[in-house]
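Down below is the structure, laid out as structure tokens.
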Amino acid sequence: MSSKEELLQKLHDTVVAFDEEGTRQAAEEIVSGGHDPLDAVMNGLAYGMETVGRLFKEQEYFVPEVLLCADALNAGMAVLKPHIPSSGGDNSLGRVVIGTIQGDVHDIGKNLVKLMLDVGGFTVHDLGNNVPYESFIEEQERTGAEIIGISAMLTTTMMGMKKVIELAKKKDPRIAVMIGGAPVTPNVVKLFKADGYAQSASTVVAEAKRLMGAFCPAQ
Amino acid sequence: MSKQALIQALRGGRTAKAPWLPYAGVNCAYLINEKASDYLQDPALLAKGIVEAARKYKADGIPLLFDLSVEAEALGCALNWWPDNVPSVVSHPWSGKQPFSETGLRPQDRNSGRWPVIFEAARLAKPELEKLDCALMGLICGPLTLASHLAGVRIFTDVYKNKEFAHEVLQFASQMIALSTQFYIEMGCDVVGIVDPVSSQIKAPTFAEFVTPYCRQSVELVREAGLPSVFLICGDCTKVIEEVCLTGTDAFAIDEQLNLTFVRDVARKHGKGFVGNLKLTLSLSLGLLSPREDTLVSLACGGTEGFVLAPG
């Protein structure tokens, strides 16, 4: 039988190699061996996705490879998640309303961000793609989310994120808004007065944690 | 304004000064105070908008329209319309990997979707653009982008997991864009571009297998018509730029994420024209850079051999 460390490494390696069956087997061994499934998610699966994020940034991996790695991660999650206490309870690090901006149906990046936040311990309320500006605010009010995450793929639709930020800040300055997507740069974040920015899915959990520390929960 | 200079540069030739090709797109609707959703469905408005843009921007060439949903709509995908943007493709009838006959998709012809509107717009605009000595550019949706419209985002994993299905979708997309190419040639376009923005999001071998062969028919049709062709790609396409040069088009166009000096060297190595790359986001949309200085930098990098100045 493999040790816990070996299984964590196997989870990492099979995610990176987009080996769905290998990830599923390693996850089953975690459960049957009595190891902590949350530890396996964070230090196996999520660690694997961190490596995938680096490979994406270095242009060794592209969209197909990242999606396939996400498939492997999901295969592992399907085994491990039933054994982890619900993240919607006291264990949740925070609540995030997420979606792609009105007019933009490109949701590959948004879905990866959702996955990373979910794995990273956040409760995610996903509005999907092509989300009207006001819907972000309405969903934040309904859920009491501390963070609104907005994604845009197009230069033209990106301009709508500024409107959502203005609406959110008008409602409650304590709501943190983070943005991302292909045309978004640190300069855009500054210009739009967003609170946070994730250049890729690999950095989103750290950024969300930073925002949780910097902003008071909106009640 | 000089149509011939644009054609010459696209073929990699030397020009007295760099020709100018503004991709005005829905900005044309803004110029004539119309909603994009009205503009893109009305031949008279389309013609008015592009002629106005060509005149205002002193363009050497102008796209008839810049809208990658045309083929998808004509084939049977549903669209969402917007007052200030191009429509979004919101249904992907082949995403279930079912046989083609069960998708509800139908091959396009000149009466499908908005093609009659586009034919009429070209008929109205072409004589006006001739008077201005401005080239009319037809832009077809690239094969991988059209495949993603038809089969959804999973086409990107199908290139690994279900290669046979991915090839089937791409083959169909290729046949349909060959028809689009023929339509634009019949309309009297002076240049035809293949616009495949998502093809920067794949590895070079994937590009060689799933993009290049499915451009071939269109590229051949344009060549047989004696017109120049361009491949337009978005994003950081550094890793596939050599493959882009092998698609067979006369020129390629890149966006602001690439260094134009690097692009120029690649283009000259392959004897291609190259088009770009005013900073659409940082300069033209947000004003974070001076558009004037940005233009001067592009002109200095691009030079006058095979270079066309355009938004990136």
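If the condition is being surrounded by 14 or more Cβ atoms within 10 Å (Cβ to Cβ), within 14 Å of chain B (Cβ to nearest Cβ) and more than 18 Å from the chain's Cα centre (by Cα), then segment A:192-219 contributes only A:Phe192.
Here the condition is being of a type outside the set (Val, Ile, Thr), outside any helix (DSSP H, G or I) and more than 27 Å from B:Arg264 (Cβ to Cβ); of B:Asp38, B:Asp67, it holds for B:Asp67 alone. Checking A:Gly103 against (1) crowded, with 20+ Cβ neighbours inside 10 Å; (2) at negative phi; (3) among the small types (Gly, Ala, Ser), which single condition isn't satisfied? Going through the list (1) crowded, with 20+ Cβ neighbours inside 10 Å; (2) at negative phi; (3) among the small types (Gly, Ala, Ser), A:Gly103 breaks only (2). Please indicate, with yes or no, whether at least one residue in segment B:181-190 is surrounded by 24 or more Cβ atoms within 10 Å (Cβ to Cβ), more than 14 Å from every other protein chain (Cβ to nearest Cβ), hydroxyl-bearing (Ser, Thr, Tyr) and in contact (Cβ under 8 Å) with a residue 12 or more places away in the chain. Checked segment B:181-190: at least one residue is surrounded by 24 or more Cβ atoms within 10 Å (Cβ to Cβ), more than 14 Å from every other protein chain (Cβ to nearest Cβ), hydroxyl-bearing (Ser, Thr, Tyr) and in contact (Cβ under 8 Å) with a residue 12 or more places away in the chain.
Within segment A:168-191, the set of residues being surrounded by fewer than 15 Cβ atoms within 10 Å (Cβ to Cβ) and within 26 Å of A:Val52 (Cβ to Cβ) comprises A:Pro186 only. Screening B:Phe207 with (1) buried (at least 20 other Cβ atoms within 10 Å of the Cβ); (2) more than 14 Å from chain A (Cβ to nearest Cβ); (3) part of a helix (DSSP H, G or I); (4) touching a Leu at 6+ places or on another chain (Cβ under 9 Å) gives one miss only, at (2). Test B:Ala59 against the stated conditions and say whether it is surrounded by 17 or more Cβ atoms within 10 Å (Cβ to Cβ) and closer than 18 Å to B:Leu136 by Cα. Judged against the criteria, B:Ala59 is a match. When the residues of segment A:143-191 are filtered to those that are away from every other protein chain (no Cβ under 11 Å) and out of contact with any strand residue (DSSP E or B) (no Cβ under 8 Å at 6 or more places or on another chain), which remaining residue is nearest to B:Asn85 (Cα to Cα)? Checking each candidate, the answer is A:Lys163. Among the residues of segment B:67-123, those identified as under 21 Å from the mean Cα position of the chain (by Cα), among the acidic types (Asp, Glu) and surrounded by fewer than 18 Cβ atoms within 10 Å (Cβ to Cβ) are B:Asp84, B:Asp109, B:Glu120. Taken as a whole, segment A:95-117 holds no residue that is more than 22 Å from B:Val89 (Cβ to Cβ), in contact (Cβ under 8 Å) with a residue 40 or more places away in the chain and of a type in the set (Asp, Glu).
The criterion of being among the charged types (D, E, K, R), more than 23 Å from A:Glu207 (Cβ to Cβ) and without any contact (Cβ under 8 Å) to a residue 40 or more places away in the chain holds for A:Asp36. Restricting B:Ala72, B:Ala135, B:Ala125 to those that are within 30 Å of B:Lys17 (Cβ to Cβ) and in contact with a strand residue (DSSP E or B) (Cβ under 6 Å, 6 or more places away or on another chain) reduces the list to B:Ala135.
Just one of (1) closer than 25 Å to A:Val204 by Cα; (2) assigned to a helix (DSSP H, G or I); (3) of a type in the set (A, V, I, L, M, F, W, C) fails for A:Phe18. It is (2). List the pairs whose first member sits in segment A:150-174 and is free of Cβ contacts under 8 Å to residues at least 40 places away in the same chain, whose second member is among the polar types (S, T, N, Q), and whose Cβ atoms are under 6 Å apart, counting only residues at least 6 apart or on separate chains? These pairs meet every condition: A:Thr155/B:Thr281; A:Thr155/B:Ser285.
Candidates are the residues of segment B:138-167 that are of a type outside the set (Val, Ile, Thr) and in contact with a strand residue (DSSP E or B) (Cβ under 7 Å, 6 or more places away or on another chain); the one that is nearest to the other protein chains (Cβ to nearest Cβ) is B:His149.
Count of segment A:188-203 residues, restricted to those that are part of a helix (DSSP H, G or I) and under 18 Å from A:Met116 (Cβ atoms), is 3. Whether any residue in segment A:83-92 is within 9 Å of another protein chain (Cβ to nearest Cβ) and either in contact with a Leu (Cβ under 8 Å, 6 or more places away or on another chain) or in a loop (DSSP other than H, G, I, E, B) (or both) is what I want to check. For segment A:83-92, residues within 9 Å of another protein chain (Cβ to nearest Cβ) and either in contact with a Leu (Cβ under 8 Å, 6 or more places away or on another chain) or in a loop (DSSP other than H, G, I, E, B) (or both): absent. Among the residues making up segment B:1-50, a single one is of a type in the set (Val, Ile, Thr) and in contact with a Cys (Cβ under 8 Å, 6 or more places away or on another chain): B:Ile50. Summed over segment B:269-286, residues that are farther than 14 Å from B:Ala300 by Cα and modelled with pLDDT under 95 total 8. Just give me the residues in segment B:220-258 being within 14 Å of another protein chain (Cβ to nearest Cβ) and charged (D, E, K, R), in sequence order. Across segment B:220-258, the qualifying residues are B:Asp236, B:Lys239, B:Glu242, B:Glu243, B:Asp255, B:Glu256.
Output the residue which, of all residues in segment B:266-289 that are surrounded by fewer than 16 Cβ atoms within 10 Å (Cβ to Cβ) and within 14 Å of chain A (Cβ to nearest Cβ), is farthest from B:Ala59 (Cα to Cα). If we take residues in segment B:266-289 being surrounded by fewer than 16 Cβ atoms within 10 Å (Cβ to Cβ) and within 14 Å of chain A (Cβ to nearest Cβ), then B:Leu288 is farthest from B:Ala59 (Cα to Cα). Flag set for B:Leu170, criterion: crowded, with 17+ Cβ neighbours inside 10 Å, within 14 Å of another protein chain (Cβ to nearest Cβ), at pLDDT 95 or above and in a helix (DSSP H, G or I). Look at (1) of a type outside the set (Ser, Thr, Tyr); (2) in a loop (DSSP other than H, G, I, E, B); (3) within 14 Å of another protein chain (Cβ to nearest Cβ) and you find that A:Gly109 fails only one, number (2).
When segment A:55-83 is filtered for residues that are within 30 Å of B:Ser199 (Cβ to Cβ) and within 15 Å of the chain's Cα centre (by Cα), the ones remaining, listed by number, are A:Val66, A:Leu67, A:Cys69, A:Ala70, A:Asp71, A:Leu73, A:Asn74. Please find, within segment B:98-150, the residue that is nearest to A:Ile108 (Cα to Cα) out of those that are of a type in the set (Ser, Thr, Tyr) and not in a helix (DSSP H, G or I). Of everything passing the filter in segment B:98-150, B:Thr103 is nearest to A:Ile108 (Cα to Cα).
For A:Asp126, the criteria (1) surrounded by fewer than 20 Cβ atoms within 10 Å (Cβ to Cβ); (2) closer than 20 Å to A:Ala214 by Cα hold in every case but one, which is (2).
The values are calculated or read from the model by the stated rules, or taken from the named source; none is laboratory data. Remember, predicted model here, so these are calculated numbers, not experimental data. FYI the Cβ positions are ideal-geometry reconstructions off the backbone, even for glycines, and counts take in every protein chain you see.
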